[in-house]
Amino acid sequence: MGLFTQDLHSLQSLIDEQATVRGRFITTTNLRVDGTVEGDIEAGEAPQGPQSCVVIGSSGRVFGDIRAYRVVVAGRVDGHIYATEKVILEKGAHIKGDITYDALEVQQPISHQGMLISRGKGVEAVNL
């Protein structure tokens, strides 16, 4: 079962295109951002469930850091991304900040200013 089949169909929180959230956003559920978040997003582990996924849709904007098990970006992130497992950068994504990941998938073209930092064995930080 792929990331999109498993996680995107089970999103429990949504910030829609008309919404703006200011401040730190903390959740233990999957989150999709199609609007704007001005602050950090922290998606922690649910007590009795799977790890959390944060999806930034193509209209989504985050001005802050993102911490989650998995992060998918199709929109804009001005901040650092810390993924315990995987980061997917979809076509058209714009990231201004460092990305820390265990696995990385990039669908060109994207725009990224910052470092790629692998949590995997034997790989050091890469400066783009």
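The values are calculated or read from the model by the stated rules, or taken from the named source; none is laboratory data. Predicted, not measured: the structure shown is a model, and the values here were computed from it. FYI the Cβ positions are ideal-geometry reconstructions off the backbone, even for glycines, and counts take in every protein chain you see.
Out of the residues in the stretch 18-50 that are farther than 23 Å from GLY97 by Cα and modelled with pLDDT of 65 or more, which is surrounded by the most Cβ atoms within 10 Å (Cβ to Cβ)?
Taking the candidates together, the pick is THR28.
Of all residues in the stretch 71-119, which are part of a loop (DSSP other than H, G, I, E, B) and surrounded by 16 or more Cβ atoms within 10 Å (Cβ to Cβ)?
ALA74, GLY75, GLY79, HIS80, GLU90, ALA93, GLY97, ASP98, GLY114
Tell me which residues, restricted to the stretch 51-67, are under 18 Å from THR100 (Cα atoms), in contact with a Ser or Thr (Cβ under 8 Å, 6 or more places away or on another chain), crowded, with 22+ Cβ neighbours inside 10 Å and modelled with pLDDT of 95 or more.
Filtering the stretch 51-67 down to residues under 18 Å from THR100 (Cα atoms) leaves 51-56, 62-67.
Then keep just the ones that are in contact with a Ser or Thr (Cβ under 8 Å, 6 or more places away or on another chain); that gives 51-52, 62-63.
When the remaining residues are screened for being crowded, with 22+ Cβ neighbours inside 10 Å, the result is 52, 62.
Of everything in the stretch 51-67, just one residue is under 18 Å from THR100 (Cα atoms), in contact with a Ser or Thr (Cβ under 8 Å, 6 or more places away or on another chain), crowded, with 22+ Cβ neighbours inside 10 Å and modelled with pLDDT of 95 or more, namely VAL62.
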